[in-house]
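What follows is a short report on a single structure.
The values are calculated or read from the model by the stated rules, or taken from the named source; none is laboratory data. Everything numeric in this text was worked out from a predicted model, so none of it was measured. As a convention, Cβ positions derive from the backbone with ideal geometry for all residues, glycine included, and neighbour counts pool all protein chains shown. Ligands, DNA and RNA are stripped out before the accessible areas are found, and what is left, the full protein with its side chains, is counted by its heavy atoms. Shrake-Rupley method; radii C 1.70, N 1.55, O 1.52, S 1.80 Å.
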Amino acid sequence: DQLETLKPIIAAMADIISKTILSMEESKTRKFWLIIDEFASLGRIGSVLDYLTKARKNGGRAILGMQTVSQLEIPYSRAEAHTILANCSSQIVFRVPDPETSDVMSRLLGEAQISRIVASGGSSSSSGAQQVFANKSSSENWQQQITNERVIMSSELQNLESLHGILNLAGDIP
């Protein structure tokens, strides 16, 4: 019930913390976490773009919670919102009912290269891939198709069960 009154204070605190961490000397061992839930609803935090793009060398890390991408475009421009999302290299995505946000999150979660063997020609009735492999008539051709596809489709994000999500970790983590 006090959130509206506290928003500018929370935003100012986050701004001060961000600027303080950015002003520190570089460190490979130090880790400071800036954790902000309902990030987009707090309004503009002046130093957040600098923090997300530069604070890692100073030990700065961030966790930002938000509901929709469109919320980001109220206090930040479209380009700034894109920069914020692009600098969150690991993501946890829960059910996303909003089509725009689910599409953006689907793209952020990445693509995978898919290889398929495709048959063409032969008889018009399809009796399964195993039978087609066994039936090596001269009118059938096999081709390998390699395509890039999203790891998870936006419609799958929209239909996740409650409290289920997708975790995407940056880096080479098994």
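Just to be sure I understand: with springs between alpha-carbon atoms less than 10 Å apart, which residue in Thr147, Thr83, Thr101 has the highest mean-square fluctuation in the Gaussian network model of the chain?
Comparing Thr147, Thr83, Thr101 in the GNM, the peak value goes to Thr147.
Are there any helices in the chain, counted as whole DSSP H runs, that stretch 24 Å or more along their axis by Cα and score at least -0.5 on average by Kyte-Doolittle, and if so which?
3-23
Determine the calculated [θ] at 222 nm for the chain from helices alone, applying -39500 (n - 2.57) to every DSSP H run no shorter than 4 residues and normalising by the residue count; nearest 500 deg cm²/dmol.
-10000 deg cm²/dmol
Rounded if a/c is under 1.5, else prolate if a/b beats b/c, else oblate: with a ≥ b ≥ c from the C-alpha gyration tensor eigenvalues square-rooted, which is the chain?
prolate
Give the calculated FRET efficiency between Ser70 and Glu149 to the nearest 0.05, with a Förster radius of 30 Å applied to their Cβ-Cβ distance.
On the way: r = 26 Å, r/R0 = 0.86.
Computed FRET efficiency for Ser70 and Glu149: 0.70.
Multiply the residue separation of Ile63 and Ile117 by 0.36 nm, subtract the distance between their alpha-carbon atoms, and state the gained length in nm to one decimal.
15.3 nm
Where does the charge balance sit around Gln158 when Lys and Arg score +1, Asp and Glu -1, over other residues with C-beta under 12 Å from its C-beta?
Taking every other residue near Gln158 into account, the sum is -4.
Could you size up the charge dipole of segment 1-71 around its Cα centre, putting +1 on the beta carbon of Lys and Arg and -1 on that of Asp and Glu, and report it in debye to the nearest 20?
Numbers: 10 positive and 8 negative charges, 97 e Å.
It comes to approximately 460 debye.
When DSSP beta bridges are limited to those with both residues in the chain, what percentage is antiparallel, rounded to the nearest 5? Spell out each step's value before the answer.
Values: 15 of 20 bridges.
Here the antiparallel bridges make up roughly 75 percent for the chain.
Where the centroid of each part is defined by its Cα atoms, how far is segment 1-25 from segment 72-118 in Å?
26
Please work out how much accessible surface Phe32 shows to a 1.4 Å probe, ignoring ligands, DNA and RNA, in Å² rounded to 10.
80
Can you give the relative contact order of segment 1-122 as a percent, counting alpha carbon pairs under 8 Å and 6+ residues apart?
Rounded, it is 23 percent for segment 1-122.
Give the carbon-plus-sulfur fraction of the accessible surface of segment 46-112 in %, rounded to a whole number; probe 1.4 Å, heavy atoms of protein chains only.
Numbers: 1810 of 3390 Å².
Whole-percent figure for carbon plus sulfur exposure: 53.
Suppose each label sits 7 Å from its Cα in the direction of the beta carbon; what would the Trp142-Glu161 distance come out to in nanometres?
About 3.8 nm separates the two model spin labels.
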